């Protein structure tokens, strides 16, 4: 998170909204310690154990809807160039990794010949996918309104345990244009396990020419 916020500040982002749930106090303490002057709004999801990120995102509506914004999964580590590429493309778009293998459990993206997203989710067939969604999206103000209206509708229908890609799919089906941006060889990964963390640290250390033989210590 520290790396992500630092990158966004470098690119001119001024206001942050952070959805919290599990270990919320640790997240708030860390951000406030690292960035005491940051303009940040924390939005708590007290039902995080029984809901998914679509519900958490819907709770951020009062602070985000009607505004252009960047949406990032909290467990994503990425090169600054990934965000620079999205900002250069402009809204509405999302980062896609086309290189490397993708499996059934990854959120996959299918696009037409103009890179407009036609389908997104774990259900997308591997054979027809442009690649894997990285978990970084850039939305315009108008698409933001459409997205949060859709999330509100889905929550009313009891879809509290859906990934927010389900809302992406609905607005696409209703005519929204989202474009897939292939990040090529730029580094982006998500941290789900200790093994993921070790692999990520190895890549980042190699980029900086650092020694990665020291053990990783994690405080929970």
Restricting attention to the range 154-178, report how many residues are surrounded by fewer than 15 Cβ atoms within 10 Å (Cβ to Cβ) and either within 19 Å of residue 122 (Cβ to Cβ) or in contact with a helix residue (DSSP H, G or I) (Cβ under 8 Å, 6 or more places away or on another chain) (or both). 3
Given the condition in contact with a helix residue (DSSP H, G or I) (Cβ under 9 Å, 6 or more places away or on another chain), closer than 15 Å to residue 183 by Cβ and surrounded by 15 or more Cβ atoms within 10 Å (Cβ to Cβ), answer yes or no: does some residue in the range 41-60 qualify? no
Out of all the residues in the range 184-197, which are touching a residue at least 12 places away in the same chain (Cβ under 8 Å) and under 17 Å from residue 75 (Cβ atoms)? 187, 188, 189, 190, 191, 192, 194, 197
Hey, can you tell me all the residues within the range 152-172 that are without any contact (Cβ under 8 Å) to a residue 24 or more places away in the chain and closer than 16 Å to residue 94 by Cα? 170
Starting from the range 199-220, take each residue that is closer than 23 Å to residue 27 by Cα and list its partners that are surrounded by fewer than 10 Cβ atoms within 10 Å (Cβ to Cβ) and modelled with pLDDT under 50, counting only C-beta distances under 7 angstrom and pairs at least six apart or across chains. 201/216
Could you check the range 110-133 and list, in sequence order, the residues that are farther than 15 Å from residue 176 by Cβ and surrounded by fewer than 11 Cβ atoms within 10 Å (Cβ to Cβ)? 113, 125, 127
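The values are calculated or read from the model by the stated rules, or taken from the named source; none is laboratory data. Here the structure is a predicted model, which means the values were calculated and not measured. With ideal geometry, Cβ positions are generated from the backbone for all residues, glycine too; neighbour counts draw on all protein chains shown.
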